[in-house]
Amino acid sequence: MRKKVTLITGVSGEVGLALVKNLSELGYSNLLTLDIRPLPPEYTNYSSHIQGDILDKSLLNRLVSEYEIITIFHMAALLSTRAEFTPVAAHQVNVEGTMGLLQLAAEQSEWRGDPVMFIFPSSIAAYGMPDLETKSKFPKVREWEWNYPITMYGCNKLYCEMLGTYFNEYYRQLAAERPQTLDFRCVRFPGLISAFTVPSGGTSDYGPEMLHAAAQGEAYAAFVRPDTQIPFMAMPDAVTALLDLSQAPKQALSRTVYNVTSYSLTAEQFRQQVLMAFPDAEINFEPDLKRQQIVDSWPADLNDNDARRDWDWKPDYDIERSFSEYLVPNILKRYQG
Ligand code: AKB
C-alpha cells in the first residue's frame, strides 16, 4: 500500500515554508515536500523532504509509485523579476512544471476514482493595467477584468490558471467515458509580506525589503515611486487563504480562480508604517523605471467579494494588526534577538 500524503512543491520558498509549518502544527502528519533546495534546518521535522526538480519526470514517477498523493499545494515558481531575466527557464518551471503536476494529479484522480485536490497560488501579476489613468479609474479589479499581463511570470500564472480550469472541467472531454477529473482551486495573491523570510526575485518586494532593512538598521532605497500602489497581505493570511480554499465544500465554489486581498498601500504609506516601528529608518525612493513599469501594470487593489461569499474568506490581519502584532514583533525577534 502506498502512503497517503499531502505534497507541497516549492516548499523552501516564502509561502512554502509558512505553509508546511502551519500544516504540521495543525496536525497534518503525512506531509511530503519537494524543492530544488534543501529545507532550512529548523523546518526539517515537519515533512519528508525530497530535494529535486519538478521538471524531473522520473522523480515524479517515483513519487507516484511510493505515495498516494491526495492534495497538492503547488508553490514552486520563479517570481516576476527573476523571470524577466530568465524567461525561458521561468516558462519551464512555471508552466511546464505545473503541467507535469497537473498531469500527475489527473492520472492519480482517475486511478483513485476520487479527485486529487490541486491548490495553485496565482498573483496580481496575472493583471495588466494599460496605464496609470486606467489603474486609478478601476481600483478594485474583478477576476475576469484586465487579464493582460506584461511579465513572463504573469503570463505563466494566467495560463496555468486556465490549464488548471481545463483539467478541472474539460480534461479528455471527447473520451467515450468522462474521466474522474482533479479538483483545481486557485487564489490570486497580492504582494505578500513575511516576518520570517526576506523575499527574493519578486517585484512587490520593495515593501517587505523596506521593513527588513529598517529592522537591521540598514538604509534602503525603494525601486518605485512613493505614489505606487498595490495590494498586500501578511503571510499568515496567505496560508489561511490556501487552507480555507482547500477545505471549502466543492459545491460552494462558483469559480476556480479567486482574488484574495487584505489591504492596499502606496509605497509612501508602507514607508510610514515602517517608520512608526523604526523611527530612525533611512528609507528613500530611487525608482527603477523598468521595474516601476511592472508594478504600475498591477492593480491598485483587488475585489475579493467572490471568495468572501463562497468560502467565507476574510483576512485576519488588517494594516494595523499586520504591523503591530505580526511583522514588527517577529522581525525584531529575528534581528535583535
Ligand atoms: C512578485 O513580485 O513576483 C510576487 C507576486 C506579486 O506575485 N510577489
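With only Cα atoms counted, the stretch 166-265 has Rg and Dmax values of 18.9, 65 Å.
In the frame of its principal axes, the stretch 67-162 has Cα extents of 51, 29, 15 Å, reported largest first.
The simple spin-label model puts a point 7 Å past each Cα toward its Cβ; for Tyr170 and Glu286 those points are separated by 4.8 nm. Full extension of the chain between Trp111 and Asp227 gives 36.5 nm of extra length, using 0.36 nm per residue less the Cα-Cα distance. Taking a Cβ cut-off of under 12 Å around Phe85, the surrounding Lys, Arg, Asp and Glu residues balance to a net charge of +2, with basic ones at +1 and acidic ones at -1.
The GluC sites (Glu not before Pro) of the stretch 254-337 meeting both criteria, a DSSP state outside H, G, I, E and B (loop) and at most 14 other C-beta atoms within 10 angstrom of the site's C-beta, are Glu282. When the chain is modelled as a GNM with alpha-carbon springs shorter than 10 Å, which of Asn45, Asn303, Asn156 fluctuates the most? Its mean-square fluctuation being the largest, the pick is Asn45. Sort the stretch 217-337 into rounded, prolate or oblate with this rule: let a ≥ b ≥ c be the square roots of the eigenvalues of the Cα gyration tensor; rounded if a/c is under 1.5, and if a/c is not under 1.5, prolate when a/b is larger than b/c, oblate otherwise. It is oblate, given that a/c is not under 1.5 and a/b is not larger than b/c. Taking amide H as placed 1.01 Å from N in the peptide plane, Glu68 has its amide H under 5 Å from the amide H of Lys3, Lys4, Val5, each at least 5 places away in sequence or on another chain.
Summarising the amide proton neighbourhood of His49: residues at separation of 5 or more, or on other chains, whose placed amide H is nearer than 5 Å comprise Thr33. Taking amide H positions as modeled 1.01 Å from N, with prolines and chain starts lacking one, the residues under 5 Å from Tyr263 and 5 or more places away or on another chain are Phe232. With 30 Å as the limit, the listed pairs Lys137/Lys290; Lys3/Lys314; Lys137/Lys250; Lys57/Lys140; Lys21/Lys137 have Lys3/Lys314; Lys137/Lys250; Lys57/Lys140; Lys21/Lys137 beyond it between alpha carbons.
Quick one: net charge of Thr256's neighbours, Cβ under 14 Å, K/R +1, D/E -1? So the environment of Thr256 carries a net charge of -1. Size descriptors for the chain: radius of gyration and Dmax over Cα atoms are 19.7, 69 Å. A simple packing score, the average count of other Cβ atoms within 10 Å per residue, orders the peptides 136-142, 149-155 as 149-155, 136-142, with the highest score first. Could you work out the local net charge near Gln336, counting Lys and Arg as +1, Asp and Glu as -1, over the other residues with Cβ closer than 14 Å to its Cβ? Spelling it out: positives minus negatives among the neighbours equals 0. Start at zero, step by 5 Å, and the Cα-Cα distances of the stretch 1-138 spread as 2, 9, 18, 21, 18, 13, 8, 4, 4, 2, 0, 0 percent across the bins. Put a dot 7 Å past the Cα of Glu177, heading toward its Cβ, do the same for Ser200, and the two dots end up 4.9 nm apart.
Distance from the C-alpha centroid of the stretch 319-336 to that of the stretch 1-79: 28 Å, rounded to the whole angstrom.
Once both labels are positioned 7 Å from their Cα atoms along Cα-to-Cβ, the gap between Thr134 and Ala89 label points is 3.2 nm. Residue-wise HN-Hα couplings along the stretch 268-282, as the Karplus relation 6.51 cos²θ - 1.76 cosθ + 1.60 with θ = phi - 60° gives them from phi, are 5, 5, 4, 4, 4, 4, 5, 5, 4, 8, 10, x, 8, 4, 9 Hz; Gly and Pro carry x.
Readers should treat all values here as calculations from the given coordinates under stated rules, not as data from a laboratory. It should be emphasised that the depicted structure is a prediction, and the values quoted were computed from it without experimental measurement. FYI the Cβ positions are ideal-geometry reconstructions off the backbone, even for glycines, and counts take in every protein chain you see.
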